[in-house]
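Working notes for the structure below.
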Amino acid sequence: MQEFLSAYRYINCDHPKVKSYAKKICSGLDSPVEKAIALYNRIRDDFRYNPYKLNFTEEGIQSSNLLERNYGYCVEKASLLVATARAEGIPARMGFANVKNHIGTSNLEEILETDVFVFHGYAELYLNERWVKLTPAFNKSLCDYLGVPVLEFDGENDAFFQQYDQTGKQLEFLHFYGTFEDIPFNLMLTELRSAYPHLSKYFTQGVVDFQEIRTELGIAS
């Protein structure tokens, strides 16, 4: 279990800013479950979901980098949840999957030319002798805007299947890559290039800005 409490190249739970952020959220809380709920809620809502600007530099993919701004996408937010949980002594790991019925991404689907999103990131925390799956990606204000329930975590059950629309349709998982103690950065880039070959050249750059790509490809707003 020690591997899920340790710091790594990308899940840098020993970073001072990660430790400070976790400590501030968990101050006065005693149990791992209380801490996990608090961390999940804050990371879900402190950082608005934004999948349109991705930082694929060595530093940009680190958990601590999200604390430099107020927005992020699924991998970044799950990564910070894993890092802060470890900083508070809760075993945690990353999970990755391909999904569809992903909220807040209609414009992005036009660029990707598909509604399948490769390498969606989520977190797993070890609580009460079992792994719990958590998706902290979708902030409350986004869910309110789209008219869907916010994904709540009760400390016991998975908070995993975000409702997609008002009919009750949920985020659909198509393929699981498994769980990892750190972000498998090279595998992620390989899968993105393979899934979206028309965008392959962009996934070799440090920062991927889909709004700029949209303009470059001549896709109407």
### Query
Which one of ASN157, ASN55, ASN12 has the biggest mean-square fluctuation once the chain is modelled by GNM with Cα springs under 10 Å?
ASN157
### Query
Taking only C-alpha pairs under 8 Å that are 6+ residues apart, what is the relative contact order of the chain in percent?
25 percent
### Task
Select from PRO16, LEU112, MET188 the residue farthest towards the positive end of the dipole of the chain; place +1 on Cβ of Lys and Arg, -1 on Cβ of Asp and Glu, and compute about the Cα centre.
PRO16
### Summary
Checked against the structure, the computed Cα extents along the principal axes in Å among (i) 53, 39, 29; (ii) 98, 37, 29; (iii) 80, 58, 37 is the one labelled (i)
### Task
Please say if the stretch 36-92 is rounded, prolate or oblate, where rounded means a/c under 1.5 for a ≥ b ≥ c the square roots of the C-alpha gyration tensor eigenvalues, and otherwise the choice is prolate for a/b larger than b/c and oblate otherwise?
oblate
### Summary
Where a ≥ b ≥ c are root eigenvalues of the Cα gyration tensor, a/c under 1.5 meaning rounded, otherwise prolate if a/b exceeds b/c and oblate otherwise, the stretch 66-121 counts as oblate
### Query
Taking θ as phi - 60°, what are the ³J(HN,Hα) couplings along the stretch 129-136 by the Karplus curve (6.51, -1.76, 1.60), each to the nearest whole Hz, with x for Gly and Pro?
6, 8, 7, 10, 8, 9, 10, x
### Summary
When the chain is treated as a Gaussian network with springs between alpha carbons less than 10 Å apart, the largest mean-square fluctuation among LYS17, LYS133, LYS77 is found at LYS17
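Values in this text are rule-based calculations from the coordinates and carry no lab data. Keep in mind that what you see is a predicted model, and the values were worked out from it rather than measured. Note: ideal-geometry Cβ built from the backbone for every residue, glycine included; neighbour counts use all protein chains shown.
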